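Heads up, the thing below is written out as structure tokens.
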Amino acid sequence: MLVGAWAAGLVLCALAGAIVLYMGIRGIQYLRPGLLFSRPQTSLSQSGSGGFLDPLLGTALLCAIGMAIALPLAVCTALWISEYGRPPRLARLVECCVEIVAGTPDIVIAIFGLAVFQFGVLGGLSSSSEAGAVTGHSFLAAGATMSLIALPPLFVATRDGVQAIPAHMREAAFALGKTRIATIRRVLLPSVRSNIATGATLGISRIVGDTAIVIIVLGNTLRLETQGAVPGVSVVRGTGSTLTSYVFDNSPAGEGNAPQKAYAAAFVLLVFVLALNGLVGLIGRTRARGGSGA
């Protein structure tokens, strides 16, 4: 059993190392600074297809919208379940729903999000066709849908952190005359900041690495396309792409006919994901040192 465990661990390390090494070599081989600052173009040749500035901006915009929705929703839900949990049946139902969302394939969530944002009442949140039909494609629609896949890890990290806080900290706050709300705001939330940061980092990783929602809900246009004339609002109501969809479109399996740029974009995406994973590990080590010091 010991030999088998070591062998399984080494195989996993070898696979992860092979992915990083291969993508690193191919990505560095084709990555040029100009690709990061030029917009993609429609071309039959790689030399004329531009860079991937728009997918980079689209990735950042989706992360911002998704986390702006998922962060308060997940933290408030975790605090309510941990500190109140009443009525118990509703609390159990909410936890069950979070688990269901966590286990639902992204493609199913994408189809659900597209169906919701195609309703006419939500037409102001997405783009529309020339005939006036609501398409359901926009950064707002995709970001709101992305928040569903970012919510579970953020919820679990916050809930576990709150439940791990010793009861005497709450009792001490109550003894000082603090209400439950004040205790949550002044004692519990500061104590679980590292948990929230870890959950947020994992949620961003899920948003960055998703492709199905981008293709189905965002619209997967080559460049950022605005909708309307209001600055800022026209961008979030418009369509675009992300690094994952750019890699897919330009890979040998796609239609972009630019595999070298797909490798370069994949390398940038891999570096970003590795940085997020490193940040999670750093937060975990900082929390462990803080706990041991306490």
>> What is the percent carbon and sulfur in the accessible area of the range 118-235, measuring with a 1.4 Å probe over the protein chains and ignoring ligands?
In response: 63
> For the range 81-122, with every protein chain kept in place, what is the accessible area per residue (1.4 Å probe, Å²)?
Replying inline: 66
> Ratio of the range 1-109's C-alpha Rg to 2.2 N^0.38 Å, to two decimals?
Replying inline: 1.72
>> Taking R0 as 41 Å, what FRET efficiency do you get between A16 and R185 from their Cβ-Cβ distance, rounded to the nearest 0.05?
In response: 0.50
>> For Cα pairs less than 8 Å apart in space and 6+ apart in sequence, what is the mean separation divided by the residue count of the chain, i.e. the relative contact order in percent?
In response: 25
> Out of A175, G66, G228, whose Cα points farthest toward the positive end of the dipole of the chain (charges: +1 Lys, Arg; -1 Asp, Glu; placed on Cβ)?
Replying inline: A175
>> Please compute the per residue accessible area over the range 217-263 with all protein chains in place, 1.4 Å probe, rounded to a whole number of Å².
In response: 46
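Leaving ligands and nucleic acids out of the surface, order R237, R285 by accessible area at 1.4 Å, largest first. Mind showing how you got there, number by number?
Numbers: R237 45, R285 130 Å².
Reading off the accessible areas and sorting them downward yields R285, R237.
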>> Run the Debye formula on the Cα coordinates of the range 136-294, all scatterers equal and no solvent, and tell me log10 I(q)/I(0) at q = 0.13, 0.18 1/Å.
In response: -0.77, -1.08
> What is the sum of charges around I149, taking Lys and Arg as +1, Asp and Glu as -1, for the other residues whose C-beta is under 9 Å from the C-beta of I149?
Replying inline: -1
> Which translational diffusion coefficient, to the nearest whole µm²/s, is obtained for the range 45-87 from the Stokes-Einstein equation, given a Kirkwood hydrodynamic radius over C-alpha pairs, 20 °C and 1.002 mPa s?
Replying inline: 161
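Would the range 62-133 count as rounded, prolate or oblate if I go by the C-alpha gyration tensor, calling it rounded below 1.5 in a/c and otherwise prolate when a/b exceeds b/c, oblate otherwise?
prolate
Within the chain, which DSSP H helices have Cα atoms that stretch 18 Å or more along the helix axis and a mean Kyte-Doolittle hydropathy of at least -0.5?
Details: long enough: 2-30 (42 Å, 1.61); 53-83 (44 Å, 1.67); 88-103 (23 Å, 0.96); 139-163 (35 Å, 1.08); 193-209 (24 Å, 0.49); 259-293 (50 Å, 0.84).
Going by DSSP H runs, the hits are 2-30, 53-83, 88-103, 139-163, 193-209, 259-293.
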> Can you pull the semi-axes for the chain, root of five times each eigenvalue of the Cα gyration tensor, sorted largest first, whole Å?
Replying inline: 38, 27, 17
> Dipole magnitude of the chain about its Cα centre, charges +1 at Lys/Arg Cβ and -1 at Asp/Glu Cβ only, in debye to the nearest 20?
Replying inline: 1060
>> Could you put L202, L188 in order of accessible surface area, largest first, with the 1.4 Å probe and the full protein assembly present?
In response: L202, L188
> For the range 54-156, what is the relative contact order in percent, using Cα pairs closer than 8 Å and at least 6 residues apart in sequence?
Replying inline: 43
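When all alpha-carbon pairs of the range 90-183 are counted, what percent fall beyond 15 Å?
So the pairs more than 15 Å apart make up 71 percent of the total in the range 90-183.
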> Which of the listed residues, L270, F119, V94, is farthest toward the dipole's positive end in the chain, when Lys, Arg count +1 and Asp, Glu count -1 at the beta-carbon?
Replying inline: V94
>> Along the charge dipole of the range 120-248, pointing to its positive end and built from +1/-1 on Cβ of Lys, Arg, Asp and Glu, which listed residue (P166, I196, I149) has its Cα farthest out?
In response: P166
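The values are calculated or read from the model by the stated rules, or taken from the named source; none is laboratory data. What you are looking at is a predicted structure, and each value in this text was computed from that prediction instead of being measured. Reconstructed Cβ throughout: ideal geometry from the backbone, glycine too, with neighbour counts over all protein chains shown. Remember, those area values only see protein heavy atoms, side chains included, never the ligands or the DNA or RNA. Shrake-Rupley method; radii C 1.70, N 1.55, O 1.52, S 1.80 Å.
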